[in-house]
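Below: one structure, written as structure tokens.
The values are calculated or read from the model by the stated rules, or taken from the named source; none is laboratory data. A quick note: this is a predicted structure, and the numbers were derived from the prediction, not measured. Virtual Cβ from ideal backbone geometry, glycine too; neighbours counted across all protein chains shown.
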Number of protein chains: 2
Amino acid sequence: MAEWQRTHTCGELRDTHIGQTVTLNGWVNTFRSYNNQVFVDLRDRYGITQIVFESSDTEVMKIANSLGREFVISATGKVSARLSGKENAKLATGKVELKVEKVRLLNGCPTPPFEITEFGSELANEDLRLQYRFLDLRRKSIQDVLQLRHRICKTIRDSLDAQGFLEVETPLLGKSTPEGARDYLVPSRVYHGEWYALPQSPQLYKQLLMVAGYDKYFQIARCLRDEDLRADRQPEFTQLDVEMSFVEMEDIFRVMENLTRQIFKESLDLEIQTPFPRLSYDDVMLRYGSDKPDLRYDMQIIDCCDVANETEFKVFKDALAAGGKVRALNAKGAAEKYSRKGLDELTEVAKTYKAKGLAWIKVEAGKFNSPIEKFLPAAAQAKLRELLKAEPGDLLLFVADTEEVVCNALGALRTTLAYQLKLYDPAKKDFKIAWVVDFPSFMYDEEEKRWVANHHPFTAPKDEHLEFLESDPGKVKAKAYDLVMNGYEVGGGSIRIYSGEVQSKVFGVLGMKPEDYQSRFGFLLDALKFGAPPHGGIALGLDRWCMMLAGTTNIRDVIAFPKNAKGRDLMTGAPASVESRQLRDLGLK
Amino acid sequence: MAEWQRTHTCGELRDTHIGQTVTLNGWVNTFRSYNNQVFVDLRDRYGITQIVFESSDTEVMKIANSLGREFVISATGKVSARLSGKENAKLATGKVELKVEKVRLLNGCPTPPFEITEFGSELANEDLRLQYRFLDLRRKSIQDVLQLRHRICKTIRDSLDAQGFLEVETPLLGKSTPEGARDYLVPSRVYHGEWYALPQSPQLYKQLLMVAGYDKYFQIARCLRDEDLRADRQPEFTQLDVEMSFVEMEDIFRVMENLTRQIFKESLDLEIQTPFPRLSYDDVMLRYGSDKPDLRYDMQIIDCCDVANETEFKVFKDALAAGGKVRALNAKGAAEKYSRKGLDELTEVAKTYKAKGLAWIKVEAGKFNSPIEKFLPAAAQAKLRELLKAEPGDLLLFVADTEEVVCNALGALRTTLAYQLKLYDPAKKDFKIAWVVDFPSFMYDEEEKRWVANHHPFTAPKDEHLEFLESDPGKVKAKAYDLVMNGYEVGGGSIRIYSGEVQSKVFGVLGMKPEDYQSRFGFLLDALKFGAPPHGGIALGLDRWCMMLAGTTNIRDVIAFPKNAKGRDLMTGAPASVESRQLRDLGLK
């Protein structure tokens, strides 16, 4: 070991080390001079140790007095007890300090472009922090998140390995099979005019591995989609990809429930109850107005069509006459919290989701305070009180429209109310997880005038619905499932089609002609023909999992080198222009 | 559990299960009819179980008689002891068979395009097997290799996690910094005319993580190089990438020796001795004529310059006069194995490596049998006998040329002789591992008329050679090291430059102008300025490791979905033409 190298990390020294001569290496976190002494908090990934310069050696003191923030040094000296009353209970090393006898300056540092403290850098402009990402990554909170991410991935591998899964790598350079999102393309130098596509997911490869008999596959896989970015989306993302043969949905649920329990235990030391509730799509759309309900709070949507029909309120009656729905939320005890202005804001939320308006009732003892009260006969009022379990002080909110608009608008209102009424504590490590099942296989796309796959084209329809595949696609439910957590979809999967005939029919429902799907997915149809086993799987969005377990809402916190919201890496400048020689080689110039 | 689902795998049943009713799912591996019975070997990833149809149920027998190879079935029945004498000791399940009471055909299979047995498919054309990769992947030998690969990766992660390393993902979409190999490029849709590059390695990102204080990083990382392919090269490959802070070479050696020991133990149950020998570049070039010597056999190259000077052989004297070398190999006991034709073939090997010829001596008792015998005075002959430990029956081979040619030609001859003389058993799991150190930092490229980096431009020169950096680059040795195993380089790394000033100087030696390296590597120079710690690391070629541990020489055996030697995926057809809409979006049409 070279003389300058550490014998201990900056998080390691305790009072049991007192009297030993040790060497630490690290960064100057803070420094201050006092009475001819220099105190430095020396930092590395493992912690902070106070080191004290009070040497008679003028060379040592000269270096001590030249130090600045983020200088990298090696310091050798004796571990000493701190003076009584000077211990720092917040530091694991807080009972000791190092009396420096020898110091080496390993590297200097000019004044950083922003202060690297949680407080300071929260103030710094994010673009500047992304440009100097290597400095921002020094923040303890980001180091903690990346350690959490490591722990989650390690637990995934331990758990699935123990359950008999094989991790298999699938190609990055694949074939473009446009369906849904845009592919990133890579020009071939050997075959000018031909392109590879970067994977949006390993979906087809994992199905082929099942056909090949690998039985239980997983991969923590990088995926890429060239989509318009949003605050919580990056061009590349990571997913846990799982596939199993000879399974039904419950087999996959069991594996993922085991895994989830272990992830929470290992990374947050939290016990999660399994099995997770299985909720049907129709049910969660009715009760929560969302296929990814936040179950941390109850407040369910109640169907009021029957009562609405007994009122004289034209908006209700018209919606029902047109085949729509009237549904309501009861925001318990919220009546006095919403002034006219607050109610207007709620109305705006409903309108964002295409509702034409929002009817409200403030429940008082013996009467309704509401603009629509006059349209509600006493019997209807009584029924509403009963149906909505309305008590004085409650705020009832009604939307009357098509079923889709009613679900979306009340779903959004539910989320808004829960946040405003503090029905849950966003800072609390409280995770409510459920399976949503029985999704429709297809949705009708009014713009494109065709059926589109709700999950993806390889999802198996329920056996009992196969007969409607061509005659009435809207009636077909899928063997598909989403894993939802606190209002987010954190996973999704399905039992796959393993019959070439059914797969071809589904491509047909999606409006593909045989020559289309043969040229795009011929290898899959081949594979299904040559002895494909029943199989299914799931994918979990790993970035989202890390965000939620870390308690952050910024996806860039869980990725070491993220792009900004325009897909630019502000540190390296990528994407960038390239040399014309490179483009010539590719036949592009 | 659905009725058709397996209760056991095809590798699980033993005589302890006799009498139980079980269900198996799997593929028909073989089948034969005999005396109104049908015998099927049912296969899955876990093994093979014999199932017997001899039912009185005509439906069952009808299905049994319709079965073909690779059909997928579910079979329920009673586990029975095989008739005495009919046990199969080669199968773990060989003491039992399943008497089928119920069978379901899960999927059929037409006659496969080639036979899926080790023997049969070895005969099938590799292009055909790549086209139907999902069938070729059913071969047990490939399943074994991919399981081995999984085990190696799992062991790497367990070992490095236990040693305090964090796995951190680095971006796929990065910046093109051409130096060495060609980048794969990805056009940006948002910034037309700008390109991302896929990573050739995470080199710069891992150094930035050290600057950011992550201390111990690793990643099993996918890397891509758009190079002309060879039999053992794929456009995308996987490497174990490791970086550590505050280290010297020996720290990295220790971590990698631990890791290597664990990999061999977990994946092959082999004990590997550590530490590995450290051999200097100059020494291995002299003794083995290669910087990646195969140490499974000894046969070292011997320098004979002094004796050669005492001969009258013009070829020797001219080579020495021109500043070259005369060196030799002693192929012990090989004299009678090489006829004139055999010696001509060895001469051709030498010439391939630019030697002008090959001088040989067959050692006999008391005399040399050799065309050059007449040029060798008795004293020189005696000295050669002593120097080369020559005994009757030995074959001595001499090359006289520039040092580079002598090393390369004798190195190649050493490999050829070892193979022909069976100095090692290629089928034996015998691994000889060593570190090669003290590489030159720079090599002079005669074509480009400039110095190029021997490892890469971020490799630290030895401290004591820094002074020659600009005055005499050829004299500078690097803090670089390769891990070599059985004649292959299986890893390489270095202590990195952590001073911006030295880094700029090295860019200068490589012929880059300040504006060049600023625009390409400005972010690295920035990072080195803001408190970079001393750091270093290594990368191991995971595909090569898997090949060597699996004992295969075909890289496509260790990759689930490989490209062919022209970079084409014969299964999906990638690369392929794309829709013009996709190119329009990218501003490329």
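Some observations on this one:
- Residue in segment B:550-562 that is facing chain A (nearest Cβ under 7 Å), under 26 Å from the mean Cα position of the chain (by Cα) and buried (at least 19 other Cβ atoms within 10 Å of the Cβ) present: yes
- In segment A:106-131, the residues that are surrounded by fewer than 22 Cβ atoms within 10 Å (Cβ to Cβ) and part of a loop (DSSP other than H, G, I, E, B): A:Gly108, A:Cys109, A:Pro110, A:Thr111, A:Pro112, A:Pro113, A:Phe114, A:Glu115, A:Thr117, A:Ala124, A:Asn125
Conditions tested, residue by residue: (1) touching a residue at least 24 places away in the same chain (Cβ under 8 Å); (2) closer than 30 Å to B:Asn25 by Cα.
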site	(1), (2)
A:Gly492	yes, yes
A:Ile495	yes, yes
A:Gln518	no, yes
A:Ala527	yes, yes
A:Ala539	yes, yes
A:Leu542	yes, no
A:Leu549	yes, no
A:Phe561	yes, no
A:Thr572	no, no
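- In summary, strands (runs of 3 or more DSSP E) completely within segment A:206-292 and bearing 3 or more residues that are in contact with a strand residue (DSSP E or B) (Cβ under 6 Å, 6 or more places away or on another chain) and within 30 Å of B:Asp44 (Cβ to Cβ) occur at A:216-224, A:236-245.
- Checking every residue in segment A:453-468 against the condition of being crowded, with 17+ Cβ neighbours inside 10 Å, closer than 30 Å to A:Ala427 by Cβ, at pLDDT 95 or above and not assigned by TED's automatic domain parsing to the domain that holds A:Gly411 gives zero matches.
- Of the strands (runs of 3 or more DSSP E) lying entirely inside segment B:376-467, those carrying at least 1 residues that are closer than 30 Å to B:Glu250 by Cα are B:433-437, B:442-445, B:450-453.
- Hits in segment A:250-290 - residues which are closer than 24 Å to A:Thr416 by Cβ, touching a residue at least 60 places away in the same chain (Cβ under 8 Å) and surrounded by 18 or more Cβ atoms within 10 Å (Cβ to Cβ): A:Leu279, A:Tyr281, A:Val284, A:Met285, A:Leu286, A:Tyr288, A:Gly289, A:Ser290
- Boolean, B:Arg327 is free of Cβ contacts under 8 Å to residues at least 60 places away in the same chain and among the basic types (Lys, Arg): no
Matching residues to (1) within 30 Å of B:Gly108 (Cα to Cα); (2) at the interface with chain B (Cβ under 7 Å from one of its Cβ atoms); (3) surrounded by 20 or more Cβ atoms within 10 Å (Cβ to Cβ); (4) out of contact with any Gly (no Cβ under 7 Å at 6 or more places or on another chain):
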| site | (1), (2), (3), (4) |
| --- | --- |
| A:Asp158 | no, no, no, yes |
| A:Glu167 | yes, yes, yes, yes |
| A:Pro202 | yes, no, yes, yes |
| A:Leu208 | yes, yes, yes, yes |
| A:Leu229 | no, no, no, no |
| A:Val242 | yes, no, yes, no |
| A:Glu248 | yes, yes, no, yes |
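- When the criteria are applied in full, B:Ala162 meets the requirement of being more than 9 Å from chain A (Cβ to nearest Cβ), surrounded by fewer than 22 Cβ atoms within 10 Å (Cβ to Cβ) and without any contact (Cβ under 8 Å) to a residue 40 or more places away in the chain.
- Segment B:193-211 residues that are farther than 10 Å from B:His535 by Cα, paired with ones that are assigned to a helix (DSSP H, G or I) (beta carbon under 7 Å, 6 or more apart): B:Leu204/B:Leu524; B:Leu208/A:Phe134; B:Leu208/B:Ala527
- Against the numbered list (1) β-branched (Val, Ile, Thr); (2) assigned to a strand (DSSP E or B); (3) surrounded by fewer than 23 Cβ atoms within 10 Å (Cβ to Cβ), B:Val502 comes up short only at (2).
- Counted residues, segment A:77-105 - those being within 14 Å of chain B (Cβ to nearest Cβ) and either at pLDDT below 95 or buried (at least 20 other Cβ atoms within 10 Å of the Cβ) (or both): 0
- The lone exception for A:Ile73 - which of (1) buried (at least 20 other Cβ atoms within 10 Å of the Cβ); (2) farther than 15 Å from A:Gly108 by Cα; (3) β-branched (Val, Ile, Thr) it fails: (2)
Yes or no, residue by residue, for (1) in contact with a strand residue (DSSP E or B) (Cβ under 6 Å, 6 or more places away or on another chain); (2) buried (at least 16 other Cβ atoms within 10 Å of the Cβ); (3) over 19 Å from A:Gly108 (Cα atoms):
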| residue | (1), (2), (3) |
| --- | --- |
| A:Glu3 | no, no, yes |
| A:Arg6 | yes, yes, no |
| A:Leu24 | yes, yes, no |
| A:Arg43 | yes, yes, no |
| A:Tyr46 | no, yes, yes |
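- Looking across B:Ala574, B:Ala532, B:Ala527, B:Ala539, one residue alone is at the interface with another protein chain (Cβ under 7 Å from one of its Cβ atoms), touching a Gly at 6+ places or on another chain (Cβ under 7 Å) and either within 23 Å of B:Leu268 (Cα to Cα) or buried (at least 17 other Cβ atoms within 10 Å of the Cβ) (or both). It is B:Ala574.
- Filter result for B:Gly180 (in contact (Cβ under 8 Å) with a residue 12 or more places away in the chain and under 26 Å from A:His192 (Cα atoms)): yes
- Selected residue [hydroxyl-bearing (Ser, Thr, Tyr) and more than 23 Å from the chain's Cα centre (by Cα)] from A:Tyr205, A:Tyr184: A:Tyr205
- Filter result for B:Arg138 (touching a residue at least 60 places away in the same chain (Cβ under 8 Å) and either part of a helix (DSSP H, G or I) or more than 10 Å from chain A (Cβ to nearest Cβ) (or both)): no
- Meets criteria (more than 9 Å from chain A (Cβ to nearest Cβ), of a type in the set (Phe, Trp, Tyr) and either closer than 30 Å to B:Phe442 by Cα or crowded, with 16+ Cβ neighbours inside 10 Å (or both)) for B:Tyr517: yes
- So B:Asp569, is it acidic (Asp, Glu), at the interface with another protein chain (Cβ under 10 Å from one of its Cβ atoms) and closer than 30 Å to A:Ala212 by Cα: yes
- Failed condition for B:Val72, given (1) without any contact (Cβ under 8 Å) to a residue 40 or more places away in the chain; (2) closer than 21 Å to A:Lys529 by Cα; (3) among the hydrophobic types (A, V, I, L, M, F, W, C): (1)
- Applying a threshold of 8 Å to beta carbon distances and a minimum spacing of six or more residues, or different chains, the list of pairs starting in segment A:108-122 at a residue that is closer than 13 Å to A:Leu137 by Cα and at pLDDT 80 or above and ending at one that is in a helix (DSSP H, G or I) and of a type in the set (Gly, Ala, Ser) reads A:Phe114/A:Gly120; A:Phe114/A:Ser121; A:Glu115/A:Ser121.
- Only one of the numbered conditions (1) outside any loop (DSSP other than H, G, I, E, B); (2) over 30 Å from B:Pro562 (Cβ atoms) is not met by A:Leu160, and that is (2).
- When the test is whether a residue is assigned to a helix (DSSP H, G or I), away from every other protein chain (no Cβ under 14 Å) and within 30 Å of A:Ala434 (Cβ to Cβ), A:Val490 does not pass it.
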